[in-house]
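The values are calculated or read from the model by the stated rules, or taken from the named source; none is laboratory data. Everything numeric here is computed off the predicted structure, so don't read it as measured data. Note: ideal-geometry Cβ built from the backbone for every residue, glycine included; neighbour counts use all protein chains shown. For accessibility, only protein heavy atoms count, side chains too; no ligands or nucleic acids. Shrake-Rupley method; radii C 1.70, N 1.55, O 1.52, S 1.80 Å.
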Amino acid sequence: MHSAKVVMMLTVLIIAALVFPSMSAAEYVETKDGAKIYYQDQGKGQTILLVHGWTCSSKFWQKNIPELAKEFRVVTLDLRGHGNSSKTLTGHTIAQYACDVRTVVEQLDLREFTLVGWSLGGPVVLSYYEQFSKDGRLRALGLVDSDPFPFSQADWNNHPLKNYNFDAMNATFDILTADQKKFATAFTGRMFKQKPSDADVDWVVTELTKTPPWIAIAIYSDFAMSDYAKTLPGVKIPLIVFAADSGVYPKGIAMGKALAAQAPRGKFVPVEDGGHMLFYEQPQKFNAALAGFVKELK
């Protein structure tokens, strides 16, 4: 009986290794408070660091990394509590996530790099700018379909939580905790401009549900309540803003245009044929625009 159990365990491990192959290019770095941050470092050249959105992961950049890595060094990470990073009980604020990005920057000794954040990743990169831009390492910023202050009362804001809509926020959390997979499936549909394939829904939902609900709620609360729009007028380095209209931001293009105008060196790129995941639905347009922006920094 004992031998049969050993054989069974070995069989399971072999199958797991085939289905979930190891990624030798990926590594972890430990933050000062003990969180393990998963990251990947690919390609050579000017550096682009990509930060994903709420409950997502670095896998969302799968249509961008291979092409961009032909010309640039591309670094991606999974924010704490997301993807393959450790599921800590503390540290789920935009400011701390920016500090986690800093840990990766220092680990890899990144210099003269462009820091790009999608959705919730946008406030993360703006917080990074607030905290760490004085050291001269940061060359440029990018915001991808991002709202820097969801609770804002300003005319530019197209977030459902506009005007401090606490009731809508708490109702969203109730739905999330009641059935995380159902919530993730509905959210996936809103992120695409066109109806996603079953395969796309499957992998996106898988990634979204890697973030435990309590972590998703903690970081989204801080995201909604934190004003990083006020940071934009003080951004002295080049900033590129991508935006699209979707079920997440029905008037996302107008919002993105307004946000880009608030930065002294802002550049706006509308993606009419993409949704919230515009870099995935229209990778050629996104990759070309980002590559051109980075090359112009020389």
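Some points to look at:
- Scanning the stretch 145-161 for residues that are open to solvent by 30 Å² or more (accessible area, probe 1.4 Å) and either under 14 Å from Y220 (Cα atoms) or under 21 Å from the mean Cα position of the chain (by Cα) (or both) turns up N158, P160.
- Residues of the stretch 94-129 satisfying the condition of being in a loop (DSSP other than H, G, I, E, B) and either among the aliphatic types (A, V, I, L, M) or buried (at least 19 other Cβ atoms within 10 Å of the Cβ) (or both): L110, S119, L120
- Selected residue [open to solvent by less than 20 Å² (accessible area, probe 1.4 Å), of a type in the set (V, I, T) and under 24 Å from N64 (Cβ atoms)] from I240, I215: I240
For every residue, the table says whether it meets (1) among the β-branched types (V, I, T); (2) open to solvent by less than 30 Å² (accessible area, probe 1.4 Å); (3) at pLDDT 95 or above.
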| residue | (1), (2), (3) |
| --- | --- |
| I219 | yes, yes, yes |
| M255 | no, yes, yes |
| D273 | no, no, yes |
| Y280 | no, yes, yes |
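- W156, sole failed condition from (1) over 25 Å from T90 (Cα atoms); (2) out of contact with any helix residue (DSSP H, G or I) (no Cβ under 6 Å at 6 or more places or on another chain); (3) hydrophobic (A, V, I, L, M, F, W, C): (2)
- Filter result (more than 11 Å from the chain's Cα centre (by Cα) and open to solvent by 10 Å² or more (accessible area, probe 1.4 Å)) within the stretch 50-73: Q62, K63, I65, P66, E67, A69, K70, E71, R73
- Any pair with Cβ under 9 angstrom, 6 or more apart, that starts in the stretch 122-145 at a residue that is farther than 21 Å from G53 by Cβ and in contact (Cβ under 8 Å) with a residue 60 or more places away in the chain and ends at one that is among the basic types (K, R) and surrounded by fewer than 24 Cβ atoms within 10 Å (Cβ to Cβ): S133/K236; R139/R111
- The sole residue among T76, T172 that is surrounded by fewer than 23 Cβ atoms within 10 Å (Cβ to Cβ) and at pLDDT 95 or above is T172.
- Exactly one residue out of F268, F223 is surrounded by fewer than 20 Cβ atoms within 10 Å (Cβ to Cβ) and within 20 Å of the chain's Cα centre (by Cα): that is F268.
- Against the list (1) in a loop (DSSP other than H, G, I, E, B); (2) in contact (Cβ under 8 Å) with a residue 60 or more places away in the chain; (3) open to solvent by less than 10 Å² (accessible area, probe 1.4 Å), the condition S85 fails is (2).
- Under the condition of being open to solvent by less than 20 Å² (accessible area, probe 1.4 Å), under 26 Å from L259 (Cα atoms) and of a type in the set (A, V, I, L, M, F, W, C), the residues counted in the stretch 185-212 number 2.
- The stretch 23-56, subset without any contact (Cβ under 8 Å) to a residue 24 or more places away in the chain and hydrophobic (A, V, I, L, M, F, W, C), residue nearest to Y128 (Cα to Cα): A25
- Here is the figure for the stretch 247-270: residues that are in contact with a Lys or Arg (Cβ under 6 Å, 6 or more places away or on another chain) and not aromatic (F, W, Y) total 2.
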